[in-house]
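In what follows, a single structure is set out as structure tokens and then discussed.
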Amino acid sequence: MLGLKLATDPRWAKLAESNIEEILTDHAWCEQKAATNAITIITLNSEHTDLVTDLLVLAQEELQHFQMVHDIIKKRGYTLGRERKDSYVNELFKFRMRGGSRRESLVDRLLFSAMIEARSCERFKLLSKKIKDPELSKFYHVLMISEAGHYTTFLGFARKYGQDIDVDKRWEELLEFEGKLIQNYGTSESIHG
């Protein structure tokens, strides 16, 4: 369903599990950034009522996920660490189209967002199946389902607002780029690392 060109090496889940406090902190900040991304799309495209309506819900869900992760951090006696840079997302961001119309920019931002949600969904699925901690396994299963919904929301809006753009071609280009990019990741205790 996600179309990702390269699956995450299952050994990444063991690496993530080896430092739960770090993975939870990184995850929390990923959720905050996802909420911020949705708000940014709304801010730049407020004339699209259906987009605003759906992305407001999505942003609220991402903030709820941030809170859920933070609650787990507190429950386990950890402290939410400082915000982490997400090199994967920053590299993916560089692939975004420059110039073009507002509509092309919107479609590219939506595809970029769908890609991040797709990879997060895939990583959460892996954690839900491989991590030994029952609470976190169940938690990541729930979030995997949510991320899949966010992925389809972004991809659906890209197709809706990209009537005069070859959205499927651009999506395939992004999938190819991400497939090469992700080869450099999977070696750190971070959601996209």
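In a reduced charge model with +1 at each Lys and Arg Cβ and -1 at each Asp and Glu Cβ, segment 1-69 shows a dipole moment near 260 debye about its Cα centre.
When only Cα pairs below 8 angstrom with a gap of at least 6 residues are kept, segment 39-134 shows a relative contact order of 19 percent.
Using C-alpha pairs under 8 Å with a sequence gap of at least 6, the mean separation divided by the residue count of the chain gives a relative contact order of 34 percent.
When only the Cβ of Lys, Arg, Asp and Glu is charged (+1, +1, -1, -1), the dipole of the chain relative to its Cα centre reaches about 360 debye. Centroid-to-centroid, using Cα positions, segment 158-184 and segment 95-141 are 13 Å apart. Using the Cα coordinates of segment 49-193, the gyration tensor eigenvalues translate into equivalent-ellipsoid semi-axes of 29, 18, 14 Å, sorted from longest to shortest. For a quick check of your reading of the filter: which GluC sites (Glu not before Pro) in segment 49-134 sit in a DSSP loop and have no more than 15 other Cβ atoms within 10 Å? Counting only loop positions with at most 15 other Cβ atoms within 10 Å, the GluC sites (Glu not before Pro) in segment 49-134 are 83.
Helices in the chain, meaning DSSP H runs of at least 4 residues, each add -39500 (n - 2.57). Divided by all residues, the mean residue ellipticity at 222 nm is -25000 deg cm²/dmol.
For the chain, excluding the exposed loop sites themselves (trypsin sites (Lys or Arg not before Pro), DSSP loop, at most 10 other Cβ atoms within 10 Å), the longest remaining stretch covers 1-81.
The numbers here are math on the coordinates, done by the rules we state, and not lab data. Keep in mind it's a predicted model, so treat the numbers as computed, not measured. Because the Cβ atoms are built from the backbone with ideal geometry, glycine has one as well, and the counts that use them run over all protein chains shown.
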